[in-house]
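In what follows, a single structure is set out as structure tokens and then discussed.
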Amino acid sequence: DSGVTQTPKHLITATGQRVTLRCSPRSGDLSVYWYQQSLDQGLQFLIQYYNGEERAKGNILERFSAQQFPDLHSELNLSSLELGDSALYFCASSVEGGGVREQYFGPGTRLTVT
Amino acid sequence: AQSVTQLGSHVSVSEGALVLLRCNYSSSVPPYLFWYVQYPNQGLQLLLKYTTGATLVKGINGFEAEFKKSETSFHLTKPSAHMSDAAEYFCAVSAWDDKIIFGKGTRLHILP
């Protein structure tokens, strides 16, 4: 158990819909990362937040957005969903403040768009 | 900028045989290197990491990796494969105070 929690575990929705994925980082970790993992694209970094502020952006679509709240949990919002958005979405957290940032991953949310 | 290349998207070894998963990195600054493992339907779990010091790093489940600066490599090995080692393995590189870059992963198959 990494200490990172994600909800829900599974999500099935229809094209065009909007969903919200939730992540709680390990206690004491200020940074949250979101990744998308699919068979064809592999593990893709989406976005990073540090203590409520956006820190880095990766291959995140404009239809996707994220935020980190004062209690440090984070939400990833996916809108106007397409079939190709079906994937595993992982959240990871790490301690910030410099140094070597090994990341601790949550169990993931499997999103299926039908 | 950092990058990492994992050689072989699939590797098959017999149970009891040596496991060798290859990783080469590119970094303009001293790298920090990681191996993560992902079991089916689970998140990634840190196997081992190299930061500084001893170049041979031991991790969990009997795995180890050796940092070879001259070869820009960080290959993962295990002397004797077990069926439970079947998983996907990700090599990753980072620099001081920078994000982690993951490789595309190598799926390890263990043959009985």
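The values are calculated or read from the model by the stated rules, or taken from the named source; none is laboratory data. Note that the structure is predicted; figures quoted are calculated from it, not measured. Virtual Cβ from ideal backbone geometry, glycine too; neighbours counted across all protein chains shown. Heads up: the accessible areas ignore ligands, DNA and RNA and are worked out on the full protein's heavy atoms, side chains in. Shrake-Rupley method; radii C 1.70, N 1.55, O 1.52, S 1.80 Å.
Observations on the model:
- Cα-centred dipole magnitude for the protein assembly as shown, charges only on beta-carbon of K, R (+1) and D, E (-1), debye, nearest 20: 220
- Theoretical FRET efficiency, 1/(1+(r/R0)^6), r = Cβ-Cβ of B:L111 and A:T114, R0 25 Å, to 0.05: 0.10
- Only lysine pairs 8 or more places apart, or on different chains, with alpha-carbon atoms under 18 angstrom apart are counted in the protein assembly as shown, and they number 11.
- Dipole of region A:1-110 computed with +1 at Lys/Arg Cβ and -1 at Asp/Glu Cβ about the Cα centre; of A:T15, A:T109, A:Y89, farthest Cα towards the positive end is A:T15.
- Prolate/oblate/rounded label for chain A (Cα gyration tensor, a/c 1.5): prolate
- Rounded to the nearest 5, the antiparallel percentage of DSSP beta bridges internal to the protein assembly as shown is 90%.
- Given +1 at the Cβ of Lys and Arg, -1 at the Cβ of Asp and Glu and no other charges, the dipole of chain B around its Cα centre is 100 debye to the nearest 20.
- Taking chain B and dividing mean pair separation by its residue count, relative contact order in percent (alpha carbons under 8 Å, at least six apart): 38
- For chain A, modelled as a GNM whose springs connect Cα atoms under 10 angstrom apart, the maximal fluctuation among A:L43, A:L61, A:L11 occurs at A:L61.
- Separation of alpha-carbon centers, region A:61-114 and region B:1-50, rounded to whole Å: 22
- Of the beta bridges in chain A, as assigned by DSSP with both residues counted there, near 90 percent are antiparallel.
- Peptides ranked, highest mean first, by Cβ atoms within 10 Å: ranges B:10-21, A:44-55, B:52-63: A:44-55, B:10-21, B:52-63
- Residues in region B:63-112 occluded by at least 10 Å² - accessible area, probe radius 1.4 Å, against chain by itself: B:F90, B:W96, B:D97, B:D98, B:K99, B:I100, B:F102, B:K104
- Cβ-Cβ distance of B:S70 and A:L39, R₀ of 35 Å, FRET efficiency by 1/(1 + (r/R0)^6): the value works out to about 0.45.
- Contour excess over end-to-end distance, with Cα ends at A:Q17 and A:R63 and 0.36 nm allotted per residue: 15.5 nm
- Pair B:H82, B:S12: separation of 7 Å Cα→Cβ label points (nm): 2.3
- Mean partner shielding of peptide A:36-46, defined as the number of other chain Cβ atoms within 10 Å of each residue Cβ, is 3.
- Here's the picture: a label point sits 7 Å out from the Cα of A:D71 along the beta-carbon direction, and within region A:10-51 the residues with their amide nitrogen under 15 Å of it are A:22-28.
- Counting DSSP beta bridges with both ends in chain B, the antiparallel % (nearest 5): 90
- Using C-alpha pairs below 8 Å separated by at least 6 residues, the relative contact order for chain A is 37 percent.
- Per residue of B:34-46, other chain Cβ atoms within 10 Å of the residue Cβ number 5 on average.
- Convex hull projection area averaged over all views, chain B, Cα basis, nm²: 6.6
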